[in-house]
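Structure first, then comments.
The values are calculated or read from the model by the stated rules, or taken from the named source; none is laboratory data. All values reported here derive from a predicted model rather than from experimental measurement. Reconstructed Cβ throughout: ideal geometry from the backbone, glycine too, with neighbour counts over all protein chains shown. The protein model used for the area step is the full one, side chains on, heavy atoms only, and it has no ligands, DNA or RNA in it. Shrake-Rupley method; radii C 1.70, N 1.55, O 1.52, S 1.80 Å.
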Amino acid sequence: MKYILSPSILSADFSKLAEDTALAVRGGAEWLHIDVMDGAFVPNISFGAPVYKCLRPVSDAFFDVHLMIDRPERYIDDFLKAGADLICIHCEATKEIEAIAEKVHAAGKMFAIAVKPATPAEAIKDYLPLCDMVLVMTVEPGFGGQSFMADMMPKVAKFRALREDLGLDYMIQVDGGISLQTVATAAAAGANVFVAGSAVFKPGEIEKNAQAFIEKFKTFK
Ligand code: DX5
Ligand code: ZN
């Protein structure tokens, strides 16, 4: 399994997004995690498509767009046009999972479903064949810098078991509280894509922090 670092720009300095994300990429990050929040699905507002659209021409990274918004079906076209390579929606936020997956795939992009801590893996079992990735939230979505919920690891393992049972090949992402200390726990449970916000975007240490994750991945089986 290939291990991927997806630094969350939510923890970056928004006045230097191009510079700081370039440092993370130089440190070995292949993806950038883009947290869109609407102040309704989660109790915080971050930014929307116009912001990461500005990054698109200056970054070759894979844009991993995590939509923490109600009824994301209203904006999928905008998010695709702004340069998303992957669109991740929350199953708790929409009744139109299939239609969204179809639209994203028709654009040649990847589709993922995220589950909040209280949502069991079984809730999205029927949709797994549509998924290029599943996202197991390891904090309550809404804010960076929270503590990793190790009790989500059985859910990660469940998605790994379902992938095997159903003969599928989706990636498994974890998001929230991922650090050099917690990343191995998540990898052991079956995750291979790791979102890290506050553990990467520290002023003056961004490249070094990304590099440390990449070195850590080499110790995984
Ligand atoms: C939380 C966001 C995360 C957040 C992670 O709702 O989805 O992507 O930025 O931040 P850290 O890594 O600091 O927990
Ligand atoms: Zn996220």
### Summary
Here the relative contact order (percent) of the stretch 89-182, from C-alpha pairs under 8 Å and at least 6 apart, is 28
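Rounded to the nearest 0.05, what FRET efficiency do ASP13 and GLU73 give with R0 = 35 Å and r taken as the Cβ-Cβ distance? Could you check?
Step by step, r from the Cβ atoms, then E = 0.65.
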### Task
Report the extension gain between ALA118 and GLU215 in nm, rounded to one decimal, defined as 0.36 nm multiplied by the number of residues separating them, less their alpha carbon distance.
31.7 nm
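What accessible area per residue comes out for the stretch 69-215, rounded to a whole number of Å², with a 1.4 Å probe?
43
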### Query
Under a 5 Å amide H to amide H cut-off, with H placed in plane at 1.01 Å, what residues pair with SER8 once short-range neighbours are removed?
HIS33, ALA196, GLY197
### Query
So if R0 is 22 Å, what FRET efficiency would ASN44 and GLN181 give, r being the distance between their Cβ atoms, rounded to the nearest 0.05?
0.30
### Query
Using only helices, what value at 222 nm comes out for the chain when you add -39,500 (n - 2.57) per DSSP H run of length 4 or more and divide by the total residues, to the nearest 500 deg cm²/dmol?
-8500 deg cm²/dmol
## Note on the structure
Nearest-0.05 FRET efficiency for LYS208 and LYS81 at R0 = 41 Å, using Cβ-Cβ distance, is 0.75
### Query
When the Karplus curve 6.51 cos²θ - 1.76 cosθ + 1.60 is applied with θ = phi - 60°, which whole-Hz ³J(HN,Hα) does each residue of the stretch 155-164 get, with x for Gly and Pro?
5, 4, 5, 5, 5, 5, 5, 5, 4, 5
### Query
Given the C-alpha centroids of the stretch 1-61 and the stretch 160-197, what is the distance between them in whole angstrom?
19
### Message
Among DSSP bridges having both ends in the stretch 4-217, what percentage is antiparallel? Round to the nearest 5.
### Response
5
### Query
Given H placed 1.01 Å from N in the peptide plane, which residues other than close sequence neighbours of PHE62 have an amide H under 5 Å from its amide H?
TRP31, LEU32
### Message
Charges on Cβ only, +1 for Lys and Arg, -1 for Asp and Glu, centred on the Cα centroid of the chain; of VAL25, SER147, ILE214, which one is farthest towards the dipole's positive end?
### Response
ILE214
### Query
Can you run phi through the Karplus equation (6.51, -1.76, 1.60; θ = phi - 60°) for the stretch 95-102 and list ³J(HN,Hα) in whole Hz, with x for Gly and Pro?
9, 10, 4, 5, 5, 5, 4, 5
### Message
Please report the carbon-and-sulfur percent of the accessible area for the stretch 1-156; probe 1.4 Å, protein heavy atoms only, DNA, RNA and ligands left out.
### Response
52
### Query
DSSP loop trypsin sites (Lys or Arg not before Pro) in the stretch 1-95 with at most 13 other Cβ atoms within 10 Å of their Cβ, which ones?
LYS2, LYS95
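Can you give the local net charge around LEU55? Use residues other than it whose beta-carbon is closer than 13 angstrom to its beta-carbon, Lys and Arg +1, Asp and Glu -1. Before the final figure, lay out the partial values.
Details: positive: LYS16, LYS53, ARG56; negative: GLU19, ASP20, ASP60, ASP64, ASP85.
Neighbourhood net charge equals -2.
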### Summary
Surrounding charge for GLY167, neighbours by C-beta under 14 angstrom, Lys/Arg +1, Asp/Glu -1, total 0
